[in-house]
Amino acid sequence: MSAGAVEGLERELSAARRNVFLLTFAQALLASSGPIVFSIGALAGYNLLGEDKSLATAPLTGFNIGVALGAVFVAIAARLLGRAHGFIVGALVGASGGLIAAIALFRGDFWLFALGFVLVGISSGFAQKIRFAAADASPSFYKPRAISWILAGGVISAVLGPQVVILTKDLFEPVLFAGAFVALAPLCGLAIVLFLMLRLPDHKAAGAASGEVARPLKEIVLTQRFLTGMVCGISSYALMTFMMTGAPLAMVIGCGFSPEMATLGIQWHVLAMFGPSFFTGMLIQRLGTEKVVAAGLLILMACATVAHAGIALWNFWGALILLGIGWNFGFIGATAIVASSYRPHEADKVQGFHDIILFGAVALASFSSGKVFNAYGWQAINLMFWPITGISLVLVLLLLLRSRRAAV
């Protein structure tokens, strides 16, 4: 490689690292909405309902529907405004959603509360694009590590979100939890400041300049690599949401633990979701993407085993911690597989399609969690893990075998 090429690569890597740094902290601020809504959303919804409590997790379903909608809106916003300004739009929507949810609590309006969660979810859907933006702005060898660093920012959100709940839930007493949703506005405002500092490359212009023709979406999404990445990502994320949504209800309503214990359980879970990100990228580079995904699926099976073993506090917390680690390995690896299945100028349409399917499945998982818990109990939630992780594990092993054959 010539000296000029080396110098150009170093400049590209330096710019990528700067963007990843800014995106990591912006993602952490916006991702704080996740621990907030999941730790108290079902409980607040439960308090707003009358005798029939089966819809307690409906606001969380609204959140996940919003995430799926956000995957569509962020593609439109990125096309019209550019990615950085599209993220700013998403942050403004999130701030509005938090304020609407707080107003709904003051009014005792369950469906307005759910609407607020939809808007917060749309903002989170915008934020989900950040992991792809970091990967697309990085050299190919740096993509897994860029994704890992973005998700590592979740360690901040894992601490920040629950602490916001604990510190602000009584701020407007006797209206519980309203303060936590008001706090989303300044968090989104800080993220906007970071987005204004971004300098992201224009891959569409680069693709047009190179003369490369984008493949049809159908051709890309029917490849074994894309399908395996998408199925494993859906399995990891949907199962994580399915258990995380039901866990606070099982702990507080089913077993009599305090809301603080449930909130701390979610905090440990979110820390476990994002903490491994500091080395997941390095593991992918050393072991290979498929092996890391397979490890994540096996850890999800271990999570179901611990949860099924009993209803003591350690069972809940231990299962939630394993759930977070399994999600981390499974989802980061699956994202890296998907990111390697398309060319840079094909990114927006492939990512949009992927995230619509992904978060549509996640929304269904969160909605069904409350239904399954009310109808069949906590153990039924745990039993759902085995067939889903089993099918995903077979797919990733088949992809690993194909990659090995191709390397021979």
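Just so you know, all these numbers are worked out from the coordinates, no wet-lab data involved. All figures in this text were calculated on a predicted structure; none of them were measured in a lab. With ideal geometry, Cβ positions are generated from the backbone for all residues, glycine too; neighbour counts draw on all protein chains shown.
Which part of region 41-78 falls in the paramagnetic zone of Lys371, meaning amide N under 20 Å from the point 7 Å along Cα-to-beta-carbon? Once the point is set 7 Å along Cα→Cβ of Lys371, 42-43, 45-46, 49-69 turn out to lie under 20 Å by backbone N, inside region 41-78. Cβ crowding within 10 Å ranks Lys169, Lys218, Lys371, Lys349 as Lys218, Lys371, Lys349, Lys169, fewest other Cβ atoms first.
A Förster radius of 35 Å combined with the Cβ-Cβ distance from Ile166 to Ile391 puts the calculated FRET efficiency at roughly 0.35. Couplings for region 335-350, taken from phi via the Karplus curve 6.51 cos²θ - 1.76 cosθ + 1.60 with θ = phi - 60°, read 4, 5, 5, 4, 5, 8, 9, 9, 8, x, 7, 9, 4, 4, 6, 5 Hz in order; Gly and Pro are left as x. Using only the C-alpha atoms, the convex hull of region 8-105 corresponds to 109 Å³ per residue. Here is how the number arises for the chain: DSSP H runs of 4 or more residues each give -39500 (n - 2.57), the sum is divided by the residue count, and the result at 222 nm is -27500 deg cm²/dmol.
In the chain, Rg over Rh equals 0.97, where Rg is the alpha-carbon radius of gyration and Rh the Kirkwood radius from pairwise Cα distances. Against the main long axis of the alpha-carbon atoms of the chain, helix 33-48 sits at an angle near 30°.
Taking the number of Cβ atoms within 10 Å of each Cβ as an exposure proxy, the fewest-first ranking of Ile357, Ile150, Ile100, Ile76 is Ile76, Ile357, Ile100, Ile150. The Ala312 and Asp52 beta-carbon pair, evaluated with R₀ = 30 Å, returns a calculated FRET efficiency of approximately 0.50.
The smallest convex shape that holds all Cα atoms of region 133-276, its convex hull, gives 163 Å³ per residue. Per-residue Cβ neighbour counts within 10 Å put Ser157, Ser32 in the sequence Ser157, Ser32, beginning with the fewest. Computed from Cα positions, the angle between helix 184-195 and the longest principal axis of the chain comes to roughly 10 degrees.
In plain terms, the chain from Ser340 to Gln379 could stretch by 10.3 nm, reckoned as 0.36 nm per residue minus the Cα-Cα distance.
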